[in-house]
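The values are calculated or read from the model by the stated rules, or taken from the named source; none is laboratory data. Predicted model, so just to flag it, every value in this text is computed and none were measured. So basically every Cβ, Gly included, is an ideal-geometry build from the backbone, and we count neighbours across all protein chains shown. Only protein heavy atoms, including side chains, enter the accessible area calculation; ligands, DNA and RNA are left aside. Shrake-Rupley method; radii C 1.70, N 1.55, O 1.52, S 1.80 Å.
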Number of protein chains: 2
Amino acid sequence: MRANPGPRLTSPIRRVPDPTVGRLSTYLHCLRALERDGITTVSSAEMADHTGINAAQIRKDVSYIGELGRPGVGYDVGHLKRCLMERMGLGQPHGVLLVGAGSLGSALCSYPGFAEQGFFIIAVFDSSPAKVGRRLGSLEVLSMEELARRNRDLRARIGVIAVPRDAAQGVADCLVAAGIRGILNFAPVKIEVREGITVRNVDLAQEFEALSYYMASATD
Amino acid sequence: MRANPGPRLTSPIRRVPDPTVGRLSTYLHCLRALERDGITTVSSAEMADHTGINAAQIRKDVSYIGELGRPGVGYDVGHLKRCLMERMGLGQPHGVLLVGAGSLGSALCSYPGFAEQGFFIIAVFDSSPAKVGRRLGSLEVLSMEELARRNRDLRARIGVIAVPRDAAQGVADCLVAAGIRGILNFAPVKIEVREGITVRNVDLAQEFEALSYYMASATD
């Protein structure tokens, strides 16, 4: 069970703390934008301007990846981007299976940010006969019975759970049985998986609660 | 500009670290479930079973709220829940304005978890004439021109941005001008707001990247 996974490293690579992992994504987005603008070198101060994260934090976070900055010069944009992507397992596109063709699943299918970062929803499944056969964007919704067989061809390693709470554990079991190794779970419930499977929970209500907390703190 | 807000406390309350804020929400969900089951006392070990977060971490996190546990007995479920809710500004329901009536906005409108935690989407706005006048659940989509006037009556303090990247800053400006104090931003772009306004960014692609990172680490 690794619902709150920490990396298990046997290599001498330094363990990256959880909050840093989120910020590495932010740096990656920033570096991609700089590259699109033709910028080849960037200082931590400039990255701070772009990301809203302070420069000292950026230097500390990047140091987990390696000694990549040159004092007084900054980072090579392309090199830092490649190092970040390699460390994050983003060197090649990832196919993703989506389970749940309701409104959330539909929103996830049309969210342009996934494809931009190399994540492609390549098949959609739903247990409801009313939804099977419908189209979600360019994909036809398939029945849950087809999931394992279909993934023998597709070989996706990432699955997304966008089903009601009560159905989430059953879906997780199906995904793991079909060869999925990482799950992004949008159902507001803890799911149990065997050792070696990574689960990330996205609880949208929790985002509101955190917002409420910071608003309450700001007006103390 | 507080795109990555930290609490600003003038009272002697201890500052709660960002990762803890997310876990406090998890504890709150756990306590609500226990209360529904008629359970009145819970140990940190039992909460660890429910949440997947280890008991020592739970005790440390709860200590930010106050000295609430009794050694050998545990926590009073109702009391801990009320203390957490008060600290997180969750004592009363929050009305929420949603901007963006596309597929993501539609999914957010029908997400049951928000209302369960006391967050109610009470009005939906969109700049597209094709969407204005349509219904999203029980709400009629209103034009952006109506936002400020409508919020004089509704007095919502939380806004959600579910529009494309390029439109997000303009929407944030409208929300702040209409009296919104906290923004949940789903557009994958940094938005600028004045001092005193809290922004929380939800970047769904970043969740995939973090998942990819943990999967890459697990197979090292």
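Among the residues of B:91-100, the average count of other protein chain beta-carbon atoms within 10 Å of the residue beta-carbon is 1. Each Cα pair of chain A feeds into the Kirkwood radius, which the Stokes-Einstein equation turns, at 4 °C and 1.567 mPa s, into a diffusion coefficient of 67 µm²/s. Taking one equal scatterer on every alpha-carbon of the range B:94-206, how large is log10 of I(q)/I(0) by Debye at q = 0.20, 0.23 1/Å? Log-scaled intensity ratios, in q order: -1.07, -1.46. By the equivalent-ellipsoid construction on the alpha carbon gyration tensor, the range B:18-87 comes out with semi-axes of 15, 13, 13 Å, ordered largest to smallest.
Note on B:130-140: average number of Cβ atoms from other chains within 10 Å of each residue's Cβ is 0. Distance from the C-alpha centroid of the range A:137-205 to that of the range B:129-178: 33 Å, rounded to the whole angstrom. Axis angle, to the nearest 10 degrees, between helix B:204-218 and the longest C-alpha principal axis of chain B: 40 degrees. Sorting the Cα pairs of the range B:74-151 by distance into bins of 5 Å, from 0 upward, gives 3, 15, 22, 18, 13, 10, 8, 6, 4, 2, 1, 0 percent per bin. Per-residue 3J(HN,Hα) values for the range B:42-53, derived from phi via the Karplus relation 6.51 cos²θ - 1.76 cosθ + 1.60 with θ = phi - 60°, read 9, 8, 5, 5, 5, 5, 4, 4, 6, 9, x, 9 Hz in sequence order (x marks Gly and Pro).
Averaged per residue, the range B:18-87 has 50 square angstrom of accessible surface, using a 1.4 angstrom probe with ligands and nucleic acids left out. Sorting the segments B:43-51, B:170-178 by their mean number of nearby beta carbons within 10 angstrom, highest to lowest, gives B:170-178, B:43-51.
Other residues within the sphere of radius under 11 Å centred on the Cβ of B:PHE114, judged by their own Cβ, net out at -4 (K and R +1, D and E -1).
Rounded to the nearest 100, the interface formed by chains B and A buries 6500 square angstrom of accessible surface, both chains summed, with a 1.4 Å probe.
Helix A:168-177 and the longest principal axis of the Cα set of chain A meet at an angle near 80°.
Remark: mean inter-chain Cβ contacts per residue of B:117-123 equal 3, using a 10 Å Cβ-Cβ cutoff to other protein chain atoms.
DSSP bridge analysis restricted to the range A:38-152 gives an antiparallel fraction near 40%, rounded to the nearest 5. For A:LYS81, a cut-off of 28 angstrom between C-alpha atoms picks up these lysines, skipping any fewer than 8 places away in its own chain: A:LYS60, B:LYS190. A helix-only calculation puts chain B at -12500 deg cm²/dmol for mean residue ellipticity at 222 nm, using -39500 (n - 2.57) for each DSSP H run of at least four residues, averaged over all residues. Shape class of the protein assembly as shown from the alpha-carbon gyration tensor: rounded, with the ratio a/c of largest to smallest axis under 1.5. Taking the Cα atoms of the range B:53-105, the ratio Rg/Rh between the radius of gyration and the Kirkwood radius comes to 1.21. Distance between the pseudo-spin-label points of A:ASP18 and A:ARG82 (7 Å out from Cα toward the beta carbon): 3.3 nm.
Axis of helix A:18-36 versus longest Cα principal axis of chain A: the two differ by about 80°, to the nearest ten degrees.
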